[in-house]
Amino acid sequence: MILNISILLLALVILGGMFVPALRARPRWRAMVTPLASIIGSGFLVLGPILEVRFGAWAPLAMAVLCLVGWLFGAAVRNNIAAEERPDTALISRIEQIAQFALSFAYVISVAYYLNLFGAFAVSLTPWHSHFTANVVTTVALGVVAVAGFGGGFHALERMEYATVALKLAIIGGLLLGLAVYFGKTAAQGDLIFDPGQLGPWDSLRLIFGLIVTVQGFETARYLGKSYDAPTRIDAMRWAQMLSTAIYMVYIVLLAYLFVPDANTLTETSIIEMMRVVAPILPAMLVAAALAAQFSAAVADTGGAGGLLAEFTRGRLDPKHAYPVLIGAGIALTWSADIFAIISYASRAFAGYYTLQAVLAALQSKGLKSKAFWALALLGLAMTVLGIPAEGS
C-alpha cells in the first residue's frame, strides 16, 4: 500500500512540475517535447519485455547499442539541420525529396504500430483480451484518425501533445520508482536472475536492427523549422535523445534481472503482467500512459505523413485526401501482420530514411567527418536489409 501511494504521489509531482509556467515558457523545452514524445512514446512499454526475453542479462548492452545507433543517426540529422542555410545542389535536393518520401512511408507503418499497441493495451485489462478484439479496437482508432484528418480535426488533437508527454513522463517516473524498490528487495534476497539470453551474436545484431523504431522520433526536430531556429532544434534533439537514453537505460537495468525470461509469454502487453508483481497500481497506470501516448503519436505521424506527401507531390495531393489512403494501409497491416512484424517493418523503413540522412550529411561534410557519415549510411543500409522481428508468442 505504501509503495502504491508513493508511486502515485511521485507521478502527480512530476505531472504538476511539467505544467510549471517557467518550464513551459522555455523555447528549448517546448521544442524538445516533440522529439521526446516520439522517442519514449513509441517503444518504451513493448521494448523492455522484448530485450529481457531475447537478451537476458545482456539486455542493458542491447539497449545501449540501440541508443548509440540512434545518437549516431541523430548526429547526421543535426548536421543536416545546421546545413539548411547552405545552397543545395541538384543532387542534394533530389536526395532530400526521396528522404521525405521514405519518411512518409515509414510514418504509415509507424501509425499502424502505434495503434496496434493502442488496441492491445485498450483490451489488456478487460474480459475481452484477445488479438481479434485488439485488432477491432485498432481498426476503429485508425478510422477515427482518418475521419479527424479528412475533416480537419487534427489541430485539436495535436494540442494534446504536451499533456500526453507530461502524463507519460509522470507514469514512467512512478514505474521506475516501483521497479527500483522491487529491484532492491530482490537483490537483498539474492534472487536477481542472470540469464545468458536466447540469441547468438548474429541474430542478436539483426534483432537490434529490427528494433530501431523503438528509439526513433528524434528526426521530428528537423521539421519544426517554422517554429524554431536551427540551433534551438539541434539542442532540442540532443537533449531529447540524452533524456530518453537515461530513462531507457535505467528502465532496462532495473527490469532485466527481475524476471525469468519466457518466450512463450512474450506479447505486446507483457509489461502489464510483469508490473502486477511489482505494484498493483502500475498496470492501470501503464494502460493509461499507453492509450494517451500511442494515440497522440499516431495523430502526429499521420499528419506528418500527409504533409510530407503533399510536399513531395508539390501540392498535387492534398494532405486530407492522403489520410484515408494512409489509414487504409494501416488497417491492412493490422489484419495481416502481428505487432512484432510491424515493429520490424517500421524499423527497416526508418533505417532506410536514416540511410538517406547519413548520405546527405556525408555530401555536406568534408574529410574524416564525411567518411564517418558514409560509414553510417552503410550501417543504415544493413539495418534496412537485415532487421528481423522479435517473434512473440
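Quick grid of which residues meet (1) of a type outside the set (Phe, Trp, Tyr); (2) part of a helix (DSSP H, G or I); (3) under 28 Å from residue 144 (Cα atoms):
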| position | (1), (2), (3) |
| --- | --- |
| 231 | yes, yes, no |
| 240 | yes, yes, no |
| 245 | yes, yes, no |
| 252 | yes, yes, no |
| 267 | yes, no, yes |
| 271 | yes, yes, yes |
| 289 | yes, yes, yes |
| 297 | yes, yes, yes |
| 301 | yes, yes, yes |
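Mind listing whichever residues of segment 321-346 are modelled with pLDDT under 75 and buried (at least 17 other Cβ atoms within 10 Å of the Cβ)? Result: 322, 323. Here segment 189-229 is the region considered, the condition is being of a type in the set (S, T, N, Q) and in a helix (DSSP H, G or I), and the residue that is surrounded by the fewest Cβ atoms within 10 Å (Cβ to Cβ) is 204.
Of the set (1) closer than 30 Å to residue 258 by Cα; (2) out of contact with any Pro (no Cβ under 9 Å at 6 or more places or on another chain); (3) touching a residue at least 40 places away in the same chain (Cβ under 8 Å), all apply to residue 61 but (3). Considering segment 26-66, the residues that are charged (D, E, K, R) and in a helix (DSSP H, G or I) include one that is surrounded by the most Cβ atoms within 10 Å (Cβ to Cβ), namely 52.
Scan segment 236-270 residue by residue and report those that are closer than 11 Å to residue 175 by Cβ, under 16 Å from the mean Cα position of the chain (by Cα) and among the hydrophobic types (A, V, I, L, M, F, W, C). Result: 247, single match. Taken over segment 348-378, the residue count meeting the criterion of being among the hydroxyl-bearing types (Ser, Thr, Tyr), within 20 Å of the chain's Cα centre (by Cα) and more than 13 Å from residue 69 (Cα to Cα) is 1.
Inspection of segment 99-111 identifies at least one residue that is more than 27 Å from residue 205 (Cβ to Cβ), out of contact with any Gly (no Cβ under 9 Å at 6 or more places or on another chain) and either touching a residue at least 24 places away in the same chain (Cβ under 8 Å) or buried (at least 16 other Cβ atoms within 10 Å of the Cβ) (or both). Here the condition is being modelled with pLDDT of 85 or more, touching a helix residue (DSSP H, G or I) at 6+ places or on another chain (Cβ under 9 Å) and of a type in the set (A, V, I, L, M); of 317, 360, 309, it holds for 360 alone.
With respect to the conditions (1) surrounded by 14 or more Cβ atoms within 10 Å (Cβ to Cβ); (2) at pLDDT 85 or above; (3) among the hydrophobic types (A, V, I, L, M, F, W, C), residue 117 lacks only one, and its number is (2). All conditions in (1) modelled with pLDDT under 85; (2) touching a helix residue (DSSP H, G or I) at 6+ places or on another chain (Cβ under 7 Å) hold for residue 151, with the sole exception of (2).
Look at (1) without any contact (Cβ under 8 Å) to a residue 12 or more places away in the chain; (2) within 23 Å of residue 114 (Cβ to Cβ) and you find that residue 271 fails only one, number (1). Scanning segment 88-104 turns up one or more residues that are hydroxyl-bearing (Ser, Thr, Tyr), at pLDDT below 85 and under 18 Å from the mean Cα position of the chain (by Cα).
With respect to the conditions (1) surrounded by fewer than 17 Cβ atoms within 10 Å (Cβ to Cβ); (2) assigned to a helix (DSSP H, G or I), residue 137 falls short on a single one, namely (1).
The values are calculated or read from the model by the stated rules, or taken from the named source; none is laboratory data. Every value quoted in this text rests on a predicted model; they were computed, and no experiment measured them. Glycine gets a Cβ as well: all are built from the backbone with ideal geometry, and neighbour counts include every protein chain shown.
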